[in-house]
Amino acid sequence: MEAQKDRLKDLISHAKEYGFVFPSSEIYDGLAATYDYGQLGAELKNNIKTYWWKAMVQLHENIVGLDSAIFMHPTTWKASGHVDAFNDPLIDNKDSKKRYRADVLLEDHIEKIRQKIEKEVEKGLKRFGDAFDAAQFRATNPNVLRNQEKIEQIEERMKSALEQNDLEGVRQLIIDLEIVCPISGSKNWTEVRQFNLMFSTELGSVAGDASTIYLRPETAQGIFVNFLNVQKSGRMKIPFGIAQIGKAFRNEIVARQFIFRMREFEQMEMQFFVRPGEEMKWYDYWKTLRTKWHQNLGLGNERYRFHDHLKLAHYANAACDIEYNFPMGFKELEGIHSRTDFDLKQHEQFSGKKLQFFDPEMNQSYVPYVVETSVGLDRMFLAVLSAAYQEETLEDGSERVVLKIPAVLAPYKAAILPLIKKDGLPEKAREIMAQLQLEYSVQYDEKDSIGKRYRRQDAIGTPFSITVDHQTLEDNTVTIRDRDTMTQERIAISALEHVISDKASWKRVLSDLIS
Ligand code: ATP
């Protein structure tokens, strides 16, 4: 746990030092749970967006994009259920005065028990070696079974209390499990209360209920209200999807853990409209495809796991999260939800407009069902950065910090480094830069020793460093250094584009995705 915290701390300070993420309005001591992306952060973020957009929109002829406004007619949020039900159950510890989400306290408790099980399995593996059958061990070991039963009991009580909005029941469960406040260590808890997460503001100069509007808490509703506009103008046929990337706002109760939980964040959401009755087929389809999208980045497949939702949101008939092993442990990265026809039906009812599709094959109109994929851009950013961040001790005993960011997402694809600042080397280097710049973001650096410059590029995750020396002037070759292996190779300038594109081009990454 301590090591995990330190890792997050190291990551936060590295992100700040190199211009990835700054605390927002830092000169005024910052604003809680709000962050700004710096010069390199903006590049990385844009690249993540591009990867998502290309994979979802460009590679699917039946998915199109949208860019809807953040402000929406207030009735939207009545219809969607957010005004009445977009709540988190919160609880305060009277000694530390810290506020928590009651459901998160319970989930953390469950996770601790789960970790006990994993430790038991690891012990078994050590004891029995190759002959160890993990599945059998899990099915028969008394300690594992006892803990598994504990988890199931807690989950059962939590699900029933949350579903019935039984806040006293939620509190009782926290008391019965003897959950303590991580800060004060005490069990002195307040009641559990509901708290609406939407930010509201006023439109124009007139105050009062009629002019209250909300900052959207999800981008999805902008897609639903435009369902017919897009379907008609794009002549879309079911099944089809609408994708959108944009800001969302939530007045989170507990906003710690860096960019994992912010009050202003960005979502990449896609709503896929299908025939009623076919939603589970598409739900499975999107689960598989989205997992592939993540794994294709090569951050390590063991860093992901699925979590099926116990308590379904008011609109869903199936839901799961793709969880990622962040520095704080496994947490939600993406949600995949089968939202039924709830949203479109609600908007039909509140707007009095029909939101239906005439299916020529069935010769009938219906309100489509929806399968949603929703991934947090900032959480994706944190996932990439935390997998990439590595401190290494080299053979000569020196240390380096390297960001092993997937090449296609790296802020700069290559650094162009003249060995020295004279003899025409800078001019030659700039010539190479001018050529590569047309396709890739590259950086020129002539300051300090070449070793120091390599370290700087390692620290910002540049996959290739290209050094221009005196031989370059004679035979048009350069050395190209690989960030991860640190091996250097002498190649012709004319081969550079090919070498870079083999690792860092969209074509390469997208073709891996569909193969
Ligand atoms: P959580 O349980 O962590 O609060 P959620 O289930 O409320 O998340 P969704 O409503 O499913 O989240 O939103 C879809 C995605 O948006 C999440 O998977 C997550 O990646 C991202 N997201 C949600 N809330 C935040 C936040 N406060 N900061 C950053 N990203 C967020």
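The values are calculated or read from the model by the stated rules, or taken from the named source; none is laboratory data. Please read these numbers as outputs of a predicted model, since none were measured by experiment. With ideal geometry, Cβ positions are generated from the backbone for all residues, glycine too; neighbour counts draw on all protein chains shown. The accessibility values were calculated without ligands, DNA or RNA, using every heavy atom of the protein model including side chains. Shrake-Rupley method; radii C 1.70, N 1.55, O 1.52, S 1.80 Å.
So that you can scan it fast, the table gives a plain yes or no per residue for (1) within 16 Å of the ligand (Cβ to nearest atom); (2) among the acidic types (Asp, Glu); (3) more than 16 Å from Lys452 (Cα to Cα); (4) surrounded by fewer than 23 Cβ atoms within 10 Å (Cβ to Cβ):
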residue	(1), (2), (3), (4)
Val367	no, no, yes, yes
Leu377	yes, no, yes, yes
Leu382	yes, no, yes, no
Ala388	no, no, yes, yes
Glu392	no, yes, no, yes
Asp396	no, yes, no, yes
Lys404	no, no, yes, yes
Ala410	no, no, yes, no
Ile416	no, no, no, no
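Glu348: surrounded by fewer than 18 Cβ atoms within 10 Å (Cβ to Cβ), under 29 Å from the mean Cα position of the chain (by Cα), of a type in the set (D, E, K, R) and under 23 Å from Gln244 (Cα atoms), yes or no? Judged against the criteria, Glu348 is not a match. The lone criterion from (1) within 30 Å of Asn317 (Cβ to Cβ); (2) surrounded by 12 or more Cβ atoms within 10 Å (Cβ to Cβ) left unmet by Glu149 is number (2).
Could you go through the stretch 113-136 and let me know if any residue there is under 30 Å from Ile91 (Cα atoms) and either among the polar types (S, T, N, Q) or in a loop (DSSP other than H, G, I, E, B) (or both). Checked against the condition, which is being under 30 Å from Ile91 (Cα atoms) and either among the polar types (S, T, N, Q) or in a loop (DSSP other than H, G, I, E, B) (or both), the stretch 113-136 yields at least one hit.
Restricting Lys345, Lys353 to those that are closer than 22 Å to Lys281 by Cα and basic (Lys, Arg) reduces the list to Lys345.
Is it the case that Arg250 is buried (at least 20 other Cβ atoms within 10 Å of the Cβ), closer than 30 Å to Ser24 by Cα, under 19 Å from the mean Cα position of the chain (by Cα) and of a type in the set (Lys, Arg)? Judged against the criteria, Arg250 is a match.
Once the stretch 23-40 is narrowed to residues that are over 18 Å from Val384 (Cβ atoms) and away from the ligand (no atom under 16 Å from the Cβ), the residue that is surrounded by the most Cβ atoms within 10 Å (Cβ to Cβ) is Gly30. Look at (1) touching a Phe, Trp or Tyr at 6+ places or on another chain (Cβ under 6 Å); (2) under 28 Å from Ala316 (Cα atoms); (3) among the hydrophobic types (A, V, I, L, M, F, W, C) and you find that Met158 fails only one, number (1). Every listed requirement among (1) in contact (Cβ under 8 Å) with a residue 40 or more places away in the chain; (2) open to solvent by less than 50 Å² (accessible area, probe 1.4 Å); (3) within 24 Å of the chain's Cα centre (by Cα) is met by Val230 save one, (3).
Going by the structure shown, is Ala429 open to solvent by less than 10 Å² (accessible area, probe 1.4 Å), in contact with a Pro (Cβ under 7 Å, 6 or more places away or on another chain), at pLDDT 95 or above and more than 30 Å from Asp308 (Cα to Cα)? Considered against the rule, which asks whether it is open to solvent by less than 10 Å² (accessible area, probe 1.4 Å), in contact with a Pro (Cβ under 7 Å, 6 or more places away or on another chain), at pLDDT 95 or above and more than 30 Å from Asp308 (Cα to Cα), Ala429 comes out as yes. Out of the stretch 459-479, which residues are within 21 Å of Asp396 (Cα to Cα) and outside any helix (DSSP H, G or I)? Within the stretch 459-479, just Ser465 meets the criteria.
The set of residues in the stretch 185-214 that are within 16 Å of Pro74 (Cα to Cα), modelled with pLDDT under 95, among the hydrophobic types (A, V, I, L, M, F, W, C) and surrounded by 13 or more Cβ atoms within 10 Å (Cβ to Cβ) comprises Leu197, Ile213. Inclusion of Ile245 among residues that are open to solvent by 10 Å² or more (accessible area, probe 1.4 Å), within 16 Å of the ligand (Cβ to nearest atom), farther than 26 Å from Val104 by Cβ and at pLDDT 95 or above is warranted. Yes or no: the stretch 261-269 includes at least one residue that is over 24 Å from Trp53 (Cβ atoms), open to solvent by 50 Å² or more (accessible area, probe 1.4 Å) and part of a loop (DSSP other than H, G, I, E, B). Among the residues of the stretch 261-269, at least one is over 24 Å from Trp53 (Cβ atoms), open to solvent by 50 Å² or more (accessible area, probe 1.4 Å) and part of a loop (DSSP other than H, G, I, E, B), which makes the answer yes.
Of all residues in the stretch 55-64, which are in contact with a helix residue (DSSP H, G or I) (Cβ under 6 Å, 6 or more places away or on another chain) and in a helix (DSSP H, G or I)? Within the stretch 55-64, just Ala55 meets the criteria. For the stretch 436-455, a residue qualifies if it is open to solvent by 70 Å² or more (accessible area, probe 1.4 Å) and touching a residue at least 12 places away in the same chain (Cβ under 8 Å), and the qualifying residues are Glu439, Arg455. Taking the stretch 311-328 as the range and being more than 12 Å from the ligand (Cβ to nearest atom), touching a residue at least 40 places away in the same chain (Cβ under 8 Å) and more than 20 Å from Phe265 (Cβ to Cβ) as the test, only His314 passes. Of the candidates Thr373, Thr393, the single residue that is among the hydroxyl-bearing types (Ser, Thr, Tyr) and at pLDDT below 95 is Thr393.
Of all the residues in the stretch 258-272, those that are near the ligand (Cβ under 7 Å from one of its atoms) and of a type outside the set (A, V, I, L, M) number 5. Could you grab me the full set of residues in the stretch 435-449 that are under 34 Å from the mean Cα position of the chain (by Cα) and either basic (Lys, Arg) or part of a strand (DSSP E or B) (or both)? Residues satisfying the conditions are Val442, Gln443, Tyr444.
Per-residue answers, yes or no, for (1) open to solvent by 90 Å² or more (accessible area, probe 1.4 Å); (2) at pLDDT 95 or above:
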position: Asp130; (1), (2): yes, no
position: Asn143; (1), (2): no, no
position: Arg157; (1), (2): yes, no
position: Ser160; (1), (2): no, no
position: Ile174; (1), (2): no, yes
position: Leu177; (1), (2): no, yes
position: Val180; (1), (2): no, yes
position: Ile183; (1), (2): yes, no
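If you go through the stretch 91-116 and pick out every residue that is open to solvent by less than 60 Å² (accessible area, probe 1.4 Å), of a type outside the set (Gly, Ala, Ser) and more than 24 Å from the chain's Cα centre (by Cα), you end up with 4.
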